[in-house]
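The values are calculated or read from the model by the stated rules, or taken from the named source; none is laboratory data. For clarity, every value in this text was computed on a predicted model and none was experimentally measured. Ideal geometry is used to build each Cβ from the backbone, glycine not excepted, and the neighbour counts take in all protein chains shown. Just the protein is used for accessible areas: all its heavy atoms, side chains included, with ligands, DNA and RNA removed. Shrake-Rupley method; radii C 1.70, N 1.55, O 1.52, S 1.80 Å.
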Amino acid sequence: MAEQENSKDLISVLWNGADILRSKMDANEYKDYLLGIVFYKYLSDSFLIHAYDLIYDGKPETLKIALDAYREALKDESAEELKKELDSTYHYVIDPELTYTCFAEAARNNSFNREQLQKAFNNIEQSDPLFADLFTDIDLYSNRLGAGDQKQSDTIARLIKEIDTADLLNSDAEVLGNAYEYLIGQFASETGKKAGEFYTPQAVSKILTRIAIAGKEGKKGLSVYEIPTQLLIQSGDRLCA
């Protein structure tokens with residue numbers, strides 16, 4: 001029940017974010033900005049929570065508390081050890097001024113700097129090959145965001161503030177995946193295309209998987225992969241359609 005409530009909350013936030021972009025660009029472009037910014041928040045929030053846990057062996061009451069603790073810890077002589085531990089876990093390290101929490105605070109204070117957000121994106125992408133081109137679809141300098149630098153920055157700042165209202169700390173990967181599916185389906189519908197052209201709904205995937213592995217449930221090392229036209233089943237070294 002709690003999981004469903006979290007999912008609805010995130011979907012609501014993303015829909016409000018879409019309202020900010022509405023009339024500025026095509027509906028199928030919303031997802032690039034919304035999901036990209038949500039994912040950066042997820043990376044940043046997870047990072048801060050783990051940093052706090054390493055410092056105090058506990059969970060912070062708020063992200064602001066976690067950020068303040070992280071800032072103070074970086075002044076300590078053990079700062080490099082802390083950063084190495086964080087990097088070994090996440091494969092990236094975020095400076096305090098580049099955390100989503102810091103960006104949200106700046107947006108609320110009308111001091112948001114999109115160059116800093118771009119720097120944050122670049123740092124993540126360059127931190128590990130796993131993240132290469134992760135945010136490449138988000139153009140923070142697009143004319144579609146508004147006419148002129150100020151309006152473009154204001155649009156991003158509004159998105160930052162809106163998405164910050166989503167509680168991702170108590171949401172798991174499945175909740176984020178559900179939100180992704182919802183947005184893909186919704187935006188595909190708005191552009192007059194069938195959502196099925198872009199993704200397979202989770203319920204359909206589960207049914208197809210159960211059909212594909214029927215009678216093989218007891219086998220170890222069995223994996224099911226989906227490609228556009230068929231399901232593939234891998235067992236050991238064999239890959240069968």
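With respect to ASP154, determine if the residue is touching a Gly at 6+ places or on another chain (Cβ under 9 Å) and either at pLDDT 95 or above or assigned to a loop (DSSP other than H, G, I, E, B) (or both). In short, yes. Candidates LEU140, LEU145, LEU117, LEU130: the one that is hydrophobic (A, V, I, L, M, F, W, C) and closer than 12 Å to LEU43 by Cβ is LEU130. Of all residues in the stretch 22-40, exactly one satisfies the criterion of being more than 20 Å from ALA147 (Cβ to Cβ) and either basic (Lys, Arg) or not in a helix (DSSP H, G or I) (or both), namely LYS31.
Flag: LEU130 matches the condition of being in a helix (DSSP H, G or I), hydrophobic (A, V, I, L, M, F, W, C) and out of contact with any helix residue (DSSP H, G or I) (no Cβ under 6 Å at 6 or more places or on another chain). Pairs linking a residue in the stretch 135-161 that is under 23 Å from THR101 (Cβ atoms) and of a type in the set (A, V, I, L, M, F, W, C) to a residue that is assigned to a helix (DSSP H, G or I) and open to solvent by 90 Å² or more (accessible area, probe 1.4 Å), with Cβ atoms under 8 Å and 6 or more positions apart or on different chains, are LEU145/LYS151. Going through (1) open to solvent by 50 Å² or more (accessible area, probe 1.4 Å); (2) outside any helix (DSSP H, G or I); (3) of a type in the set (A, V, I, L, M, F, W, C) one by one, LEU54 falls short only on (2). Would you confirm whether or not the stretch 103-123 contains a residue that is without any contact (Cβ under 8 Å) to a residue 40 or more places away in the chain, open to solvent by 50 Å² or more (accessible area, probe 1.4 Å), part of a helix (DSSP H, G or I) and among the hydroxyl-bearing types (Ser, Thr, Tyr)? The answer is no; no qualifying residue exists. Within the stretch 71-90, residues that are in a helix (DSSP H, G or I) sit with their Cβ atoms under 8 Å from residues that are among the β-branched types (Val, Ile, Thr) and surrounded by 14 or more Cβ atoms within 10 Å (Cβ to Cβ), at 6+ positions apart or across chains, in these pairs: ALA73/ILE55; LEU82/ILE55; LYS83/VAL93; LEU86/VAL93; ASP87/VAL93. For the stretch 124-169, the set of residues classified as of a type in the set (S, T, N, Q), open to solvent by less than 40 Å² (accessible area, probe 1.4 Å) and farther than 16 Å from GLY36 by Cβ consists of SER153 only.
Would the stretch 220-229 turn up any residue that is open to solvent by 80 Å² or more (accessible area, probe 1.4 Å), at pLDDT below 65, outside any helix (DSSP H, G or I) and hydrophobic (A, V, I, L, M, F, W, C)? No, the conditions are met nowhere in the stretch 220-229.
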